[in-house]
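The values are calculated or read from the model by the stated rules, or taken from the named source; none is laboratory data. Being a predicted model, the structure only gives us computed values, none of them experimental. Counting neighbours? That spans all protein chains shown, and the Cβs are built from the backbone with ideal geometry, glycine included. Remember, those area values only see protein heavy atoms, side chains included, never the ligands or the DNA or RNA. Shrake-Rupley method; radii C 1.70, N 1.55, O 1.52, S 1.80 Å.
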Amino acid sequence: MKRVLSGIQPTGDLHIGNYLGAIHNWVGYQDTHDCLFCIVDLHAITVLYDPETLGENVEFVAAAYIGAGIDPKKAAIFVQSHPRTHSELHWLLACHTPMGWLNRMTQFKEKAGKKKDQASLGLYAYPVLMAADILIYQADEVPVGEDQKQHLELARDIAQSMNQRYGETLFKLPEPMIQGPAPRVMSLRDGTAKMSKSDPSAYSRILLRDSADEIAQKIRKAKTDPHPLPETVADLEGRPEAKNLLTLYGAMTNQKLEEAMKIFAGQNFSALKEALTEACVQKLGPISSEINKLLQDDRAYLRTVLKDGGEKARTISEKNLEKTYHQLGFKV
Ligand code: TYM
């Protein structure tokens with residue numbers, strides 16, 4: 001059975017980009033693949049964070065995974081820091097990763113901004129830890145949103161160069177799986193910018209736990225353009241807001257973009273906004289009530305899920321880490 005691994009940072013509420021770009025697609029692997037879904041707390045501390053809320057955020061993401069359809073009986077859900085192995089493999093990989101490769105990472109440039117010298121070494125090394133998360137399980141496939149493509153290419157480059165040096169059996173080359181109806185969800189305030197947790201405007205993103213009113217308000221305020229909605233995908237060229245809202249409507253109603261476009265062709269944005277609001281409420285309502293139920297009544301269950309998942313992750317990753325040390329020449 002092929003192995004799938006992916007993860008999300010516990011940095012507060014998740015948005016529909018995280019859902020459509022990642023979790024929604026993970027659900028489909030559970031019956032056919034050996035699945036490991038990680039909550040990447042070590043990545044969450046690469047920028048300034050609040051130690052008081054880190055634990056709560058981890059449990060929230062666990063609840064979100066389950067609420068959005070991951071079944072802990074089929075897939076292991078675990079916390080990245082629980083097996084200490086990821087940090088350890090990170091060091092072995094770091095010693096083989098040229099700084100030139102990391103200098104090309106666009107996410108570091110975006111996150112560090114103009115204050116590059118003040119950014120942490122951890123933020124710079126973020127993609128190496130991510131490579132460790134994947135390679136330590138010999139994962140075959142990694143389903144992520146489009147923004148993670150460059151990081152996955154780096155993970156493959158590290159694996160390939162270490163395999164050349166230490167033997168082809170060292171690491172499996174992971175396949176990036178960038179798929180689903182919306183691999184890159186854009187901001188509601190600017191169709192050319194990615195929907196992101198760090199955007200200062202709360203109106204730029206819809207959160208999994210937003211109420212029906214909040215969803216309606218955010219979609220009502222979403223940026224549009226002055227033209228009626230077009231008929232063909234080609235006509236979406238140069239109309240990023242129309243493309244994003246139509247893509248979201250398709251994704252939320254399990255329809256292809258072309259089908260969604262047929263419904264609204266020639267109409268103005270208000271019809272689309274109304275239908276999109278309804279679709280988001282329908283889709284997210286049950287997820288958010290399940291998350292709230294788990295967080296209110298089932299904390300003990302969440303902790304058991306994370307403990308069981310952590311044990312599975314520890315068993316696999318310790319064995320692979322041992323093998324890696326050995327192959328790198330640590331014999332005693
Ligand atoms: P994070 O927490 O930033 O994002 C989690 C997942 O959500 C996807 N995503 C999006 N997809 C579509 N549209 C968007 N606007 C959008 N925003 C976020 C991301 O692509 C990602 O799949 N570095 C990873 C976490 C990570 C990881 C790993 C992933 C750490 N180790 C190992 C896979 C395998 C990240 O960015 O998380």
| field | Among Tyr249, Ile219, Leu276 the positive-end extreme of the charge dipole of the stretch 202-293 (Cβ point charges) | value | Ile219
| field | Reachable aspartates and glutamates from Lys149, criterion Cα separation under 14 angstrom, eight or more residues apart if same chain | value | Glu141, Asp157, Glu175
| note | Probe 1.4 Å, heavy atoms of protein chains only: per residue, the accessible area of the chain in Å² is 48
| request: Run down the lysines and flag those whose C-alpha is under 25 Å from the C-alpha of Lys319, throwing out any fewer than 8 positions away in its chain. | output: Lys2, Lys73, Lys74, Lys172, Lys307, Lys331
| Label-point gap, in nm, between Tyr325 and Asp117 - each point 7 angstrom along Cα→Cβ | 3.9
| field | Gaussian network model of the chain, springs between alpha carbon atoms under 10 Å - residue of Arg239, Arg165, Arg303 with greatest fluctuation | value | Arg165
| request: Over every pair of different alpha-carbon atoms in the chain, take the mean of 1/r and invert it; report that Kirkwood radius in Å. | output: 21.0
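Net charge within 14 Å of Glu318 by Cβ-Cβ distance, Lys/Arg positive one each and Asp/Glu negative one each, not counting Glu318 itself? Provide the component values of the computation, followed by the final result.
Working: positive: Arg84, Lys312, Arg314, Lys319, Lys323; negative: Glu88, Glu311, Glu322.
Net charge around Glu318: +2.
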| task | Putting +1 on Lys and Arg Cβ atoms and -1 on Asp and Glu Cβ atoms, find which of Gly266, Ile291, Gly238 reaches farthest to the positive end of the dipole of the stretch 202-293. | result | Ile291
| Going out from 0 in 10 Å bins, what whole percent of all Cα-Cα distances in the stretch 210-255 drops into each bin? | 24, 51, 23, 3
| task | Would you list which aspartates and glutamates come within 17 Å of Lys114, measuring only between C-alpha atoms, while excluding same-chain residues fewer than 8 positions from it? | result | Asp199
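Could you work out the relative contact order of the chain? I mean the mean sequence separation of Cα pairs under 8 Å and 6+ apart, divided by the number of residues, in percent.
Numbers: 515 pairs, mean separation 77.1, N = 332.
Relative CO of the chain lands at 23 percent.
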| Any idea how far apart Asn268 and Ala300 come out in nm if each label point goes 7 Å out from Cα toward Cβ? | 5.7
| request: Please report, as a whole percent, how much of the solvent-accessible surface of the chain comes from carbon and sulfur atoms (probe radius 1.4 Å). | output: 52
| request: Would you mind calculating the relative contact order of the stretch 1-74 from Cα pairs under 8 angstrom and at least 6 residues apart, reporting the percent as a whole number? | output: 47
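For Gln9, what charge total do you get from the other residues with a beta carbon under 12 Å from its beta carbon, if Lys and Arg give +1 and Asp and Glu give -1?
It works out to a net charge of -1.
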| Short version: what are the Cα gyration tensor semi-axes of the stretch 202-293, square root of 5 times each eigenvalue, largest first, in whole Å? | 24, 14, 10
| message | Compute a Gaussian network model of the chain, connecting alpha carbons closer than 10 Å, and tell me which residue from Ala271, Ala234, Ala112 fluctuates the most. | response | Ala234
| Distance in nm between label sites at Thr315 and Gln255, each 7 Å beyond Cα in the beta-carbon direction? | 4.6
| field | DSSP bridge pairs, the chain: antiparallel proportion in percent, nearest 5 | value | 10
